[in-house]
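The values are calculated or read from the model by the stated rules, or taken from the named source; none is laboratory data. As the structure is a computational prediction, the values presented were derived from the model and not from experiment. Neighbour counts run over all protein chains shown; Cβ positions are idealised from the backbone, glycine included.
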Amino acid sequence: MRELKIAPSILSADFSRLKDEIEAVEAAGADWLHVDVMDGHFVPNITIGPVVVEWVRKVTKIPLDVHLMITDPDKYAPEFIKVGANWISIHPDTCPNPNATLNKIRELGAKASIAVNPDVPVSKVESCFKNIDMILMMTVFPGFGGQAFIPDVLPKITEVRKLIDQRKSPILVEVDGGVKTDNIARIVNAGAEVIVSGSGIFKTPDYAQTIRGMRKAVGQA
Ligand code: DX5
Ligand code: ZN
């Protein structure tokens, strides 16, 4: 069985208490922290930049999974890596040459990932498989936390899992958007192993209970 990794998305945290929130999810059993970077151009929302990530890095040792929803990842990915990002996900339509961007991310010492929107077929990103450590399957359209999970993406997650297994590739499959305790089993059964959850964790009263519930739902508690 693939070991489940849970990555709470700080987008749904209380930013006035960000350090406490990070320490709380870490103590509750989070494996990674997911950091949503939005620039108001690629998506109609603005969140945080390298300055905040630099401070986040100082309060936790768990991997920082930085999801770039910005028009110019070639310019900014190196800055996020410099301040401590371990994983960088890019949306392929934001770079003229996604493979070059992914290579650069790896050269700079981070793990590279490609994000696939709900309406993008897997065939469109297959040419990037040789240059990625993870594939991020979006189960909402990027831009905001708290949106409803799009179940139509489930067969695509299975398709990606099959492709990766056929190639005997170590690429991780991450799912992001609308994941909660009550749907995580379907997502993991479809083939995911890294689970992002923002509102599904931060909007619940007891993070440890929620994360335990997620692991229990997939038989890993
Ligand atoms: C959406 C972001 C997600 C978001 C997930 O654009 O990429 O990471 O924070 O939040 P929930 O889990 O609330 O859908
Ligand atoms: Zn995200």
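A few remarks follow.
- Residue selection: I187 fails the criterion of being touching a Phe, Trp or Tyr at 6+ places or on another chain (Cβ under 9 Å) and more than 16 Å from ligand 2 (Cβ to nearest atom).
- So A7, is it within 16 Å of ligand 2 (Cβ to nearest atom) and part of a strand (DSSP E or B): yes
- Among the criteria (1) within 15 Å of ligand 2 (Cβ to nearest atom); (2) under 30 Å from A208 (Cβ atoms), the one R161 does not fulfil is (1).
- Pairs, first over 15 Å from A190 (Cα atoms) in the range 141-168, second within 16 Å of ligand 2 (Cβ to nearest atom) and outside any loop (DSSP other than H, G, I, E, B), C-beta under 7 Å, six or more apart: P142/M69; G143/M38; G145/S9; G145/L11; G145/S12; G145/S199; G146/S12; G146/S199
- Scan of the range 11-30 for residues that are touching a residue at least 60 places away in the same chain (Cβ under 8 Å) and crowded, with 17+ Cβ neighbours inside 10 Å, ordered by number: L11, S12, A13, E21, A24, V25, A28, A30
- Which listed residue, of W87, W55, is under 21 Å from G143 (Cβ atoms) and modelled with pLDDT of 95 or more: W87
- The set of residues in the range 151-206 that are within 16 Å of ligand 1 (Cβ to nearest atom) and of a type in the set (S, T, N, Q) comprises T181, N183, S197, S199, T204.
- Boolean, P8 is within 14 Å of ligand 1 (Cβ to nearest atom) and surrounded by fewer than 14 Cβ atoms within 10 Å (Cβ to Cβ): no
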